[in-house]
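Comments concern the structure below.
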Amino acid sequence: MKKCLNGLLVSCLALSFMGCPRTDEGAKEQEAKGEVIVLNKVDFLAKVFNYEKNTEQWVYEGNKPCVVDFYADWCGPCRKVSPILKELAMVYKNEIVVYKVDVDAENELAAAFGIQSIPTLLFIPARGLPQIAQGALPREELIKCIDSYLLGKE
């Protein structure tokens with residue numbers, strides 16, 4: 001009986017890991033290719049900001065500046081911004097990372113940042129505080145924010 005339960009436990013564990021969306025290695029590959037990386041809460045806490053651990057101050061967990069797009073699949077303006085962010089992720093792949101957070105799937109994250117309208121973008125420099133922008137920014141405005149705020153270019 002005990003042997004049977006151990007086998008069942010091992011099988012359940014194996015099946016649960018088969019459903020994992022991406023390993024950390026997979027996310028690094030996406031970043032290197034300049035892809036937009038979809039984050040869940042666990043990934044957000046590890047890669048962007050652990051608001052559960054750092055309750056008093058902003059501490060960015062990443063190595064490169066990033067843009068975080070809070071979006072929903074049903075949102076028209078979000079669908080307009082999405083291909084632009086995908087393009088910019090490729091253009092700036094060696095300088096920044098572009099993340100996306102689905103507010104419907106990750107409503108705790110959305111609430112933690114007070115997201116009330118979408119799309120909402122967080123521009124997070126490697127050092128310093130993030131800046132927030134709401135609405136579907138045009139490509140030129142996104143480039144300006146990335147170049148000036150995230151990368152310090154004039």
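The values are calculated or read from the model by the stated rules, or taken from the named source; none is laboratory data. All figures in this text were calculated on a predicted structure; none of them were measured in a lab. A quick note on method: Cβ atoms are made from the backbone with ideal geometry, for glycine too, and the neighbour counts reach across all protein chains shown.
A few points about this structure:
- Considering the conditions (1) farther than 18 Å from residue 70 by Cβ; (2) assigned to a helix (DSSP H, G or I); (3) in contact (Cβ under 8 Å) with a residue 12 or more places away in the chain; (4) small (Gly, Ala, Ser), residue 148 is excluded by exactly one of them, (3).
- Remark: residue 86 matches the filter, which requires a residue to be among the basic types (Lys, Arg), surrounded by 11 or more Cβ atoms within 10 Å (Cβ to Cβ) and modelled with pLDDT of 95 or more.
- Going through (1) buried (at least 17 other Cβ atoms within 10 Å of the Cβ); (2) within 17 Å of the chain's Cα centre (by Cα) one by one, residue 149 falls short only on (2).
- In segment 43-74, the residues that are among the hydroxyl-bearing types (Ser, Thr, Tyr) and either in contact with a Gly (Cβ under 8 Å, 6 or more places away or on another chain) or free of Cβ contacts under 8 Å to residues at least 60 places away in the same chain (or both): 55, 71
- Selection from segment 100-133 of residues that are surrounded by 14 or more Cβ atoms within 10 Å (Cβ to Cβ) and over 16 Å from the mean Cα position of the chain (by Cα): none
- Scanning segment 95-129 for residues that are without any contact (Cβ under 8 Å) to a residue 40 or more places away in the chain and at negative phi yields 103, 104, 107, 111, 116, 117.
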